[in-house]
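**Q** Quick one: structure below, then a few questions.
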Amino acid sequence: MFQDKATLGYEYYGDLRHQINSNIITDKLISWLVSPRGGSWSPYLAGKAVDVIVRTAGNLQQGLYKANQEVYSLLKYGAKVREHPGDPEKTVYFIDWKHSQNNEFAIAEEVTIKTNSERRPDIVMYINGIAVAVIELKSPQSPFHRE
């Protein structure tokens with residue numbers, strides 16, 4: 001259903017169980033940012049903006065809650081970056097909130113995440129290479145399944 005272009009139009013990133021993944025697929029996000037749909041940013045500026053969101057998402061020194069607040073702020077208000085020192089700041093947005101059709105929606109299955117321990121959610125939903133939702137599917141035989 002997700003992959004039916006006429007219905008939802010999600011890209012399929014595949015079964016990612018055999019690779020270590022991150023909550024941001026940087027090459028997908030950079031590719032979107034340099035495309036006309038993502039703002040046609042230069043690869044250099046797009047890379048700098050992606051570096052900002054990746055560092056922010058990975059900075060857990062003040063806890064997960066604070067990191068999530070800061071990532072949310074970047075997703076909503078964009079990252080301010082400069083092409084060259086002395087240039088004015090430009091705001092790079094990671095999601096086109098006004099024109100949702102410009103975004104790349106995708107799903108992947110069995111996404112292996114390894115930090116201190118290994119986790120593998122059943123389905124991860126992405127917008128422009130940024131993980132935004134996780135779906136866990138339960139078997140009807142599971143003790144957690146309810147009628």
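**Q** Kindly check whether there is at least one residue in the stretch 36-44 that is assigned to a loop (DSSP other than H, G, I, E, B), farther than 29 Å from L137 by Cβ and among the basic types (K, R).
**A** Here is the first cut: in the stretch 36-44, the ones assigned to a loop (DSSP other than H, G, I, E, B) are 39-42.
Now drop any that are not farther than 29 Å from L137 by Cβ, which leaves 39-42.
Remaining after also requiring among the basic types (K, R): none.
No: zero hits.
**Q** Still on this structure: Do we have any residue at all in the stretch 1-20 that's loosely packed, with under 13 Cβ neighbours inside 10 Å, among the basic types (K, R), more than 20 Å from I113 (Cβ to Cβ) and without any contact (Cβ under 8 Å) to a residue 40 or more places away in the chain?
**A** Within the stretch 1-20, the subset loosely packed, with under 13 Cβ neighbours inside 10 Å is 1, 3-8, 12, 15, 17-20.
Going one step further and asking which of them are among the basic types (K, R), we end up with 5, 17.
Retained after the next criterion (residues that are more than 20 Å from I113 (Cβ to Cβ)): 5.
Keeping just the survivors that are without any contact (Cβ under 8 Å) to a residue 40 or more places away in the chain gives 5.
Looking through the stretch 1-20, at least one residue is loosely packed, with under 13 Cβ neighbours inside 10 Å, among the basic types (K, R), more than 20 Å from I113 (Cβ to Cβ) and without any contact (Cβ under 8 Å) to a residue 40 or more places away in the chain.
**Q** I've got another one for you. Which residue is farthest from G39 (Cα to Cα), if the candidates are limited to the stretch 113-147 and must be of a type outside the set (A, V, I, L, M) and modelled with pLDDT of 70 or more?
**A** Here is the first cut: in the stretch 113-147, the ones of a type outside the set (A, V, I, L, M) are 114-122, 126, 128-129, 136, 138-147.
Next, only the ones that are modelled with pLDDT of 70 or more stay: 120-122, 126, 128-129, 136, 138.
Working: R120: 33, P121: 31, D122: 32, Y126: 19, N128: 12, G129: 15, E136: 33, K138: 39 Å.
Within the stretch 113-147, the match that is farthest from G39 (Cα to Cα) is K138.
**Q** Among the residues of the stretch 86-100, which ones are small (G, A, S) and at negative phi?
**A** Taking the stretch 86-100 first, the residues small (G, A, S) are 86, 100.
Residue satisfying the conditions is S100 alone.
**Q** Also: Being among the basic types (K, R) and either over 20 Å from D27 (Cα atoms) or modelled with pLDDT under 95 (or both) is true for just one of K80, K76. Which residue is that? I'd like the intermediate steps shown before the answer.
**A** On the way: K80 fails: either over 20 Å from D27 (Cα atoms) or modelled with pLDDT under 95 (or both).
Answer to the selection: K76.
**Q** With the condition being out of contact with any Ser or Thr (no Cβ under 8 Å at 6 or more places or on another chain) and surrounded by 15 or more Cβ atoms within 10 Å (Cβ to Cβ), I'd like the strands (runs of 3 or more DSSP E) fully within the stretch 67-134 carrying at least 2 qualifying residues.
**A** Values: elements: 79-81, 90-92, 105-109, 123-127.
Qualifying strands (runs of 3 or more DSSP E): 90-92, 105-109, 123-127.
The values are calculated or read from the model by the stated rules, or taken from the named source; none is laboratory data. The shown structure was predicted, so the numbers you read here are calculated from the model rather than taken from an experiment. Cβ sites come from the backbone with ideal geometry, for glycine too, and all protein chains shown count toward neighbours.
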